[in-house]
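Read the structure below first, then the notes.
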Amino acid sequence: MPINSLRLLQQRLLDILEKVAMNQVLSILFVANLNYKLCQRLFMKVIDTVVNSDIRYITLQRKLPSNVVKKIKRCRSNLGLDGQENFKFPDKHVKSIYGVLDTDDIELVKLLLEEGRTTLDDAMALHYAVAYCDSKFTKELLDLGLADVNSRDHQNYNVLHLAAMCKDPEIIMSLLTMEAQPLEITSMEEQRFKSPRGLPDLQTIYYRSTEQGKPSPRQRLCIEMLEQAESVPVK
């Protein structure tokens, strides 16, 4: 890309950064780091955004190079933020669960849980699996029936939130079958989750459209599944 075009793109990203979803912010940071000499302004602005966000280190470690994660940790430490519960690295037992989840081997998960050192809920394992693991394995994890499908993570998201953000209809269906509650959502997200009319942010940020202003078939399916589940009276 010509330098002038790169500079224009950098300025455009700087202008819209506050409106970009955090998962996309991490992608911008990854690219800005690759082109650091030409994108220093963008890199520093995005670093500042991430430092002051509530993104946990486990997510940063999966999305960013180690040198960038170290810089974020150093900045948070300098600001006195690193002692907050949200920013602590997972303990060794939780790390062990994440490591086993990464193998997509449900039998290894069972063996680790038998040791009794931590639980799927303690590790927020369903949230982790929906975000990072294979759909088939995630359904196997759900089928164990050992985790609360309505539990919330540090951002107050439940597992259904993440499945919707990942536009994964198979996982959404599995969660709804296991009585995950579509109405169990944060007050901040309530209007976004209720219907297509109330989903502007999910439609424009979380999902990709195949045509301007129109949801993709996969997105449409996710929304319809959530709408239908909402229409069923809670017992």
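The values are calculated or read from the model by the stated rules, or taken from the named source; none is laboratory data. Since the structure is predicted, the reported quantities are computational estimates derived from the model, not experimental observations. Note that we place each Cβ from the backbone using ideal geometry, even for glycine, and neighbour counts take in every protein chain shown.
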Candidates Ile55, Ile47, Ile72, Ile16 - the one that is at pLDDT below 90, aliphatic (A, V, I, L, M), in a helix (DSSP H, G or I) and not assigned by TED's automatic domain parsing to the domain that holds Asp143: Ile16
Condition broken by Leu176, with the remaining ones in (1) of a type outside the set (Ser, Thr, Tyr); (2) outside any helix (DSSP H, G or I); (3) under 21 Å from Gln228 (Cβ atoms) satisfied: (2)
Scan of segment 20-38 for residues that are of a type outside the set (A, V, I, L, M, F, W, C) and surrounded by 10 or more Cβ atoms within 10 Å (Cβ to Cβ), ordered by number: Asn23, Gln24, Ser27, Asn33, Asn35, Tyr36
Ala147 being touching a helix residue (DSSP H, G or I) at 6+ places or on another chain (Cβ under 8 Å), within 26 Å of Met225 (Cα to Cα), assigned to a loop (DSSP other than H, G, I, E, B) and free of Cβ contacts under 8 Å to residues at least 40 places away in the same chain: yes
Cβ-Cβ under 8 Å pairs, at least 6 apart or on other chains, segment 168-181 side touching a residue at least 24 places away in the same chain (Cβ under 8 Å), far side among the charged types (D, E, K, R) and surrounded by fewer than 22 Cβ atoms within 10 Å (Cβ to Cβ): Pro169/Arg218; Glu170/Lys139; Ile171/Lys139; Ser174/Lys139
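Are any residues in segment 88-119 outside any helix (DSSP H, G or I) and at negative phi, and if so, which ones?
If the condition is that a residue be outside any helix (DSSP H, G or I) and at negative phi, then Lys88, Phe89, Pro90, Asp91, Asp102, Thr103, Asp105, Glu115, Arg117, Thr118, Thr119 are the ones that fit.
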